[in-house]
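Comments concern the structure below.
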Amino acid sequence: MAYPETQLHHSLPLLLICDNLRDPGNLGTILRSAAGAGCSKVLLTKGCVDAWEPKVLRAGMGAHFQVPIINNLDWEAVPNYLPPDTRVYVADNCGLYAQAQTSNKASDYGWVCDRQLSKFHKYEEEEAEAEDLETRASKGWLPELEVQSYDLDWTEAPAAVVIGGETHGVSLESLQLAESTGGKRLLIPVVPGVDSLNSAMAASILLFEGKRQLRLRAEHWSRDRSYH
């Protein structure tokens with residue numbers, strides 16, 4: 001498919017990975033935000049709703065024809081679609097920021113601090129009865145990702161942002177990919193008592209924050225260049 005020259009010209013080293021996004025309205029809204037922010041492409045892993053489903057198309061309002069979308073990817077194939085030196089960042093609604101930063105306990109490290117991650121698709125529930133989370137974390141079952149605020153600089157290298165679905169949240173594979181690329185979890189702080197943000201809202205906040213950071217970096221580079 002050919003994409004508009006204007007869109008390609010304004011494309012940024014910013015990529016979106018959708019992880020288990022199953023709500024058509026949310027996915028369509030996210031694609032619209034990705035196109036508006038200037039994402040270079042959007043990757044959809046297996047488990048996401050079909051990007052070309054009618055409700056997704058309706059919510060996308062033409063975004064499908066503005067940004068490249070790669071559908072139905074296995075996690076093993078995702079790195080093949082990332083530019084060289086890309087760092088993968090995972091959207092995080094975790095409220096216990098200090099605990100995630102300082103504790104070595106799996107139960108504190110973003111495991112039970114937000115509902116989405118505590119579910120982890122409820123995988124291996126039977127195994128969990130026999131082996132506690134701390135033991136599995138010490139064996140590398142749970143990647144140890146640093147948490148940083150979303151408004152601190154994370155676009156110094158090409159960046160890919162993972163957005164998890166409303167029901168299951170982000171997958172273990174997304175955390176493993178982030179760890180392997182030197183990425184982090186991006187915290188969007190919410191006030192106490194608010195469970196989490198809608199996936200589409202979180203995606204919009206992060207993508208346009210990435211766009212803002214890249215614009216400032218380009219302005220600084222242009223200003224420094226003019227001094228020489």
Let me cross-check residue 12: its accessible surface, 1.4 Å probe, with only protein heavy atoms counted, in Å² to the nearest 10? 40
Can you give the FRET efficiency for residue 212 and residue 70, using 1/(1 + (r/R0)^6), R0 = 22 Å, r = Cβ-Cβ distance, to the nearest 0.05? 0.30
To the nearest 10 Å², what's residue 220's accessible area with a 1.4 Å probe? 90
Extension gain (nm, one decimal) between residue 191 and residue 167, 0.36 nm per residue minus Cα-Cα: 6.5 nm
Would you mind putting 176-182, 86-92 in packing order, based on average other-beta-carbon counts within 10 Å, highest first? 86-92, 176-182
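The values are calculated or read from the model by the stated rules, or taken from the named source; none is laboratory data. None of these values were measured; they are calculated from a predicted model. As a convention, Cβ positions derive from the backbone with ideal geometry for all residues, glycine included, and neighbour counts pool all protein chains shown. The accessibility values were calculated without ligands, DNA or RNA, using every heavy atom of the protein model including side chains. Shrake-Rupley method; radii C 1.70, N 1.55, O 1.52, S 1.80 Å.
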